[in-house]
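To start, the structure under review is shown below, and the notes come after it.
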Amino acid sequence: KMAAGSGWLSVCEKFRAARTLSAVESLKDPETEPYRSKYSARALLQEVKQLLSAAEEGGEARVLAVRRAVLEYELGVNHTDTEELSAGEEHLQRCTQLLEPHRLSPDCVSLYIQAQNNLGILWSERDEIETAQTYLESAEALYNQYMKEDGNPPLDPSEHFMAEEEKLTDQERSKRFEKAYTHTLYYLAQVYQHLDMIEKAAQYCHTTLKRQLEYCGYYPVEWARNAATLSQYYLSKECFMEARHCLAAASVIFSQVGQVPSAEDDETEQDQHDLPERKAEIARCWIKYCLNLLQSARKLLEDNIGELDPDRQLELKAQRKKEEDEKEKGRKKAVLFGTSDICDSVLAMEEKVSSVYPLDFQEAREIFLVGQNYVQEAKEFFQVDGYVTDHIEIVQDHSALFKVLAFFEEDYERRCKMHKRRIDMLEPIYADLNPQYYLLICRQLQCELADTYYEMMDLKVAIGNRLEKLDSHTVKKINSLAQFAIKYYELFLDSLRNPDKVFPEKLEEDVLRPAMVAKFHIARLYGKLITSDSKKQLENMQTSLEYYTFLVDYCEKYPDAVPAVETELELSKEMVTLLPASMERLRAKLSPCV
């Protein structure tokens, strides 16, 4: 038998050399010959294959078949690595054919699963996602069947070319087998993502992350990035506890970079270089977390005019008190990541910010402050120079944090100050933007600035209404805020005009609602301007009427626009009937009786 002699040892030696070339040496290949070591490894594998064929006569058929399958697998992966997909596929198919009858036995199962994983990757690289799905799901099923029927740590494929004394411990075998299965789940998560099976993708992503921690097989930067991405899925489902858990874990694991030897081989130089950016990306996910939690709470608490409903607030507080005890215990277990020492750090991180809906200003402010800290952190990396769009998005999120915090603030003056903070952060950015290159962002900022001034004007009017008599200072303030709001709404509407400055006959779907709301708000703003000059007041009423009329006429001409602006349309119709009469009365006052 070949296994006995020194011939077998030299075969094993060649096999090991091929694997080293492929895994280690290839990292040092020059850019001019990126596959140099892969090609050398391939030549060695082909030699081993020849030597095996020569030994066929005396060998045990089963053992030889499995060894040949290992070589076909290695050649398959080698060809895939060098982007020769068809050859790679042939080798991998041969591997699975050789193993098919024995796929459930401990010496074959791991190799079979890894071959199917690689066929899955190969087909997804060809954009044949359904075919990839078939291979990966069959690998998953095989793992589950093997664990149910046998469950002993199976051989690692490399052991088929090792001397007895080099064979792996059960612990090492188990670790490698579980890692292969983790890869299956990881690729399945991506496949489901591609097929828009979002729920399933998230579930598989979560399991993958959990397993990578359990078996210490992960790159901290990549792991953290995936966990942060998963948190965004949980946010979209309003699962704040899970979202917070993923983010806390992402932050903890990210902080291990460079300190923890347990992770996979050192991350590449490239990753080290990207660290500040990756850290800032996680900070941005935390901002979204805080913002979404506050906004969801607002949805629960607001009445039909967007103010905080105190009865609802009391009801929700009572309900929360009741649920608190049962729920915390129940859900924690389902999602926890990792080993106890990691858990402790993650828990400490989680305790820094709530995952339950804030129900009053105090609770909202705590979440707001966490969000605001992450805004500062994210802005340190994403600066205006070099990252214009990212930087502006972060500032817009900061503004949105102030906006939602203002909802929880009862005092109108303080609420006004919060909106003023938004103006102060958005105006300088808008002033520096070239609308030729950043039209979309300019429009967003015009609308947000206009809405903010509009909101402040409404608050000042409400404050004024509580006074015995409007003082000239408040009048000036109301008028100036209204003028600024009008200015930004008009800028937005002007951005819709064609090069000849003509306003579009029919508005595009994406700007329909913003444009109509702008017209409606301008109409209201002209109605709010305070003047003692009756002639001026008539002019303002006339302008106001024209804007209301625009809305009514447009919706008559294009009935499909109605659903987008139902409330505004109702009120506009009302004003179009009422305003002319008011104007008549004012005119009558102006012209003395004849």
Query raised in the report: Given Cα pairs under 8 Å that are at least 6 residues apart, what percent is the relative contact order of the stretch 1-239?
Result: 14 percent
Requested in this report: With N set to the residue count of the stretch 1-239, report its C-alpha Rg divided by 2.2 N^0.38 Å to two decimal places.
Outcome: 1.07
Query - Ranked by how many other beta carbons lie within 10 Å on average, peptides 283-294, 303-314, 417-428 from highest - result: 283-294, 417-428, 303-314
Query - Coordinate range along principal axes, alpha carbons of the stretch 552-594, Å, largest first - result: 49, 18, 9
Report summary line: In whole percent, the Cα-Cα distances of the stretch 134-209 spread across 10 Å bins from 0 upward as 19, 41, 27, 12, 2
Requested in this report: Give, rounded to the nearest 20 debye, the magnitude of the charge dipole that the chain has about its Cα centre when Lys and Arg contribute +1 at Cβ and Asp and Glu contribute -1 at Cβ.
Outcome: 2080 debye
**Report entry** Using alpha-carbon coordinates, inclination of helix 566-590 to the longest axis of the chain, degrees
**Finding:** 20 degrees
Query raised in the report: So for the pair E172, A431, with labels modelled 7 Å out along Cα→Cβ, what separation do we get in nm?
Result: 6.7 nm
**Report entry** Cα-Cα P(r), the stretch 449-594, percent of pairs per 5 Å interval
**Finding:** 2, 9, 17, 18, 20, 16, 10, 6, 3, 1, 0
Query raised in the report: Over all distinct Cα pairs, what is the inverse of the mean 1/r for the stretch 87-153, reported as the Kirkwood hydrodynamic radius in Å?
Result: 12.1 Å
Query raised in the report: Can you work out the FRET efficiency for the pair V576 and Q319, with r the C-beta to C-beta distance and R0 = 25 Å, to the nearest 0.05?
Result: 0.05
Requested in this report: State log₁₀ I(q)/I(0) for the stretch 326-479 at q = 0.14, 0.17, 0.21 Å⁻¹ as given by the Debye formula over alpha-carbon point scatterers of equal weight, solvent excluded.
Outcome: -0.87, -1.06, -1.28
Report task. Can you tell me the alpha carbon radius of gyration of the chain divided by the globular rule-of-thumb value 2.2 N^0.38 Å? Result -> 1.34
Requested in this report: Considering Cα pairs under 8 angstrom that are at least six residues apart, work out the relative contact order of the stretch 523-593 and quote it in whole percent.
Outcome: 34 percent
Query raised in the report: Across every pair of different alpha-carbon atoms, what Kirkwood hydrodynamic radius in Å does the stretch 523-593 reach?
Result: 13.0 Å
Query - Inter-probe distance in nm under a simple model that places probes 7 Å from Cα toward Cβ, at R312 and Y39 - result: 6.9 nm
Report task. Would you mind getting me the FRET efficiency between R19 and N373? Use the beta-carbon distance for r and R0 = 45 Å, nearest 0.05. Result -> 0.40
**Report entry** the stretch 19-113: GluC sites (Glu not before Pro) in DSSP loop, at most 13 other beta carbons within 10 Å
**Finding:** E31, E56, E57, E60, E83
Query raised in the report: In degrees from 0 to 90, rounded to the nearest 10, what is the angle of the helix 269-301 Cα long axis to the longest principal axis of the chain?
Result: 50 degrees
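Bear in mind that the values in this text are calculations on the coordinates, not laboratory data. Not measured: the values here are computed from a predicted model. Cβ: placed from backbone, ideal geometry, glycine included. Neighbour counts: every protein chain shown.
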